[in-house]
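The structure under discussion appears below in the form of structure tokens.
The values are calculated or read from the model by the stated rules, or taken from the named source; none is laboratory data. Computed from a prediction, not measured in an experiment: that's the story for all the values here. Methodologically, a virtual Cβ is constructed for each residue, glycine included, from the backbone with ideal geometry; neighbour enumeration extends over all protein chains shown. When the accessible area is computed, the model is the full protein with side chains, heavy atoms only, and any ligands, DNA or RNA have been set aside. Shrake-Rupley method; radii C 1.70, N 1.55, O 1.52, S 1.80 Å.
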Amino acid sequence: MASKDKKNRLKARLPRGFADRDAADIRAIDKMMEAIRAVYDRYGFDPAETPFIEYTDALGKFLPDQDRPNEGVFSFQDDDEQWLSLRYDLTAPLARQVAENFQDLVKPYRSYRAGWVFRNEKPGPGRFRQFLQFDADTVGAASVAADAEMAMMMADVVEAVGIERGDYVIRVNNRKVLDGVMEAIGIGGPEHLHTRLVVLRAIDKLDRLGVEGVRLLLGKGRKDESGDFTPGAGLSQKQISGVMALLEFEAFAFFARDADDGGVVRREPIQAAGVDHTGQIYTKPPDPNAAMLGFLGYLKDRGIDASNNDSLNTGFSELNEIASLIASAGYERRVVIDPSVVRGLEYYTGPVFEADLTFETVNEKGQKVVFGSVGGGGRYDGLVGRFGGVDVPATGFSIGVSRLAAALKNLGKLGDEAEAGPVVVTVMDRERIADYQKLATTLREAGIRAELYLGNPKNFGKQMQYADRRDAPCVVIQGSDERDRGVVQIKDLVEGKKKAAAIADNVEWREERPGQFEVPEREMVQAVSDLLKRQAGA
RNA sequence: GCGAACGUAGCUCAGUUGGUUAGAGCGUCGGAUUGUGGCUCCGAAGGUCGGUGGUUCGAAUCCACCCGUUCGUACCA
């Protein structure tokens, strides 16, 4: 019963950060997911699924020094007082699943999973509290070949959903390189954990804040336009120059492809120390020793000695190996090395990757939009080991399906082929509903989407209006006339609309019956399917 | 979380220095037209002016707080 009491009427409202999905969204996203799934299948990955809810400790999300889950994750207590949480990504549940079934899995275990994840954070445009991710992971492979494969598969996935080559780039970095540099400038120990996090966050903001913004964040801090002050890492000038070396050093241009070579979009040139460093684009297998030595020398010029730094050394050689694998597989134009990629702050232990869209579009409101990251991943060798037992090497990545869909929508590549509506069987004579139902059934049995008009049939015009709004390709009409003669009228709504364009007078419009023709009832299916074919071809 | 802007019908918006009964366009619904979509015409429904409290003879308008949206920033495990 509808409530007449307006004041206390229940208000229909959706919690912020959540969204309803309509038919067009669902169809478009299903199609995207299918395209992604096909890529993973082709690489030999198998599907897997875990539930939405895990024990909070399995997600690793307790506040330090408190027995309550971290904010940012939706949590509640079970009837036995144990904390449960909605998953906030698909990687932690995977680690749990692998640890729990370790004996039974064939290693390396290659799997993919898609699903909703939940984050209790401030939502915004394109940022939801429930969204879709689609992950692929290889567990039990320590080789960087597994990481290189991930990076290449990411490129394939982005292309599979309709982003063109050159409109995206997969950036690859190695956490060991970042760690090595931080170690070299003296913030390596456990007591500097916080500082390291601040440094990583600062580097992560290169795209948005530019070199100077990053520099400020590494030092004392930065005040934004609103006057809000963000405290920096408090590094010395020397330390800052060491970190900035990562972003400036021309040896990375050594990894970079020729900037004149089209097809890859790059970020704004970074001006630094006389180096015009355009784009961190990797192409040919570089000489790791030369790059390494060059970078060490660059640091040395700034008073930083990193010559015995294992992290840096390993990081460089891993990056080099990845670059070689990528080049020999022919992906060098799609996958690049970029020392500013940070990705997540906690569990990554080695190579990290990020898929970025590089084109700009305008949204419905005409505002310029750059989508940026639509997916990311990396190596997380410690995650499975948290559940006891030895560390298990693992690498994987995640595609942000919802964000990718938003990007495709702006590109006009999503949902532009709207599903045709059903054929509508109209009701001319309400005593004969059963006959009309049978017509609909006959069409369905032939595989044609069809429905019987179920509204009030008294005004035939309403039925036509309904069919029109449903995007019906045609309607089937059978009044007593037609029934007596064993025929049906088929009215092609698309054709009718075209023909009617010239008709201005309503009486003429109705008498003309544009697009309408008559066939014997037993030829209805054939006639309708011919019509559908005609429309599909047009 | 911090800062700012905004909040009037389903949507987009008008609403005078605080002054009768808050308007328009689009959309919705009904009718002209119960055997034919669009166009046209006629009519109707739809508002606690985001909420609460305050100032005032009087508040959509001024003030405070709250909620929501947007932008920037932080956070994003």
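Key figures
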| quantity | calculated |
| --- | --- |
| Check: segment A:423-537 dipole with +1 on Lys, Arg Cβ and -1 on Asp, Glu Cβ, in debye | 400 debye |
| Cut-off under 5 Å, modelled amide H: who pairs with A:Q516 long-range | A:D492 |
| Dipole in debye (nearest 20) - chain A, about Cα centre, beta carbon charges: Lys, Arg +1; Asp, Glu -1 | 1640 debye |
| Distant-in-sequence amide H partners of A:A233 (H built 1.01 Å from N, under 5 Å) | A:L218, A:G219 |
| Degrees separating the helix A:144-160 axis from the principal Cα axis of chain A, which is the longest one | 30 degrees |
| Whole-number accessible area per residue in Å² for chain A, which is evaluated in the context of all protein chains at 1.4 Å | 52 Å² |
| Residues whose placed amide H lies under 5 Å from that of A:S373, excluding near-sequence neighbours | A:L357 |
| Loop trypsin sites (Lys or Arg not before Pro), segment A:125-218 (other Cβ atoms within 10 Å of the site Cβ: 12 or fewer; DSSP) | none |
| Prolate/oblate/rounded label for segment A:481-538 (Cα gyration tensor, a/c 1.5) | oblate |
| Calculated [θ] (222 nm, deg cm²/dmol) that DSSP helices of n ≥ 4 give over chain A, each run adding -39,500 (n - 2.57) | -11500 deg cm²/dmol |
| Degrees separating the helix A:433-445 axis from the principal Cα axis of chain A, which is the longest one | 40 degrees |
| Low-density loop cleavage sites - trypsin sites (Lys or Arg not before Pro) in segment A:475-538, where at most 11 other Cβ are within 10 Å (DSSP) | none |
| Cross-link reach list, aspartates and glutamates versus A:K176, counting only Cα pairs under 17 Å and skipping chain neighbours closer than eight places | A:D147, A:D204, A:D305, A:D310, A:E318, A:E321, A:D338, A:E346, A:E354, A:D381 |
| Segment A:65-216, relative contact order in percent, only Cα pairs under 8 angstrom and at least six apart counted | 14 percent |
| Per-residue HN-Hα couplings for segment A:305-322 [Karplus 6.51, -1.76, 1.60; θ = phi - 60°; Hz; x = Gly/Pro] | 9, 10, 5, 10, 8, 5, 4, 4, 4, 4, x, 4, 6, 5, 4, 4, 5, 4 |
| Mean separation of Cα contacts under 8 Å (6+ apart) over length of chain A, as relative contact order % | 13 percent |
| A:Q103 versus A:E523: modelled label distance in nm, points set 7 Å from Cα along the beta carbon direction | 7.0 nm |
| In degrees, nearest ten, helix A:175-184 long axis to first principal axis of chain A (Cα) | 30 degrees |
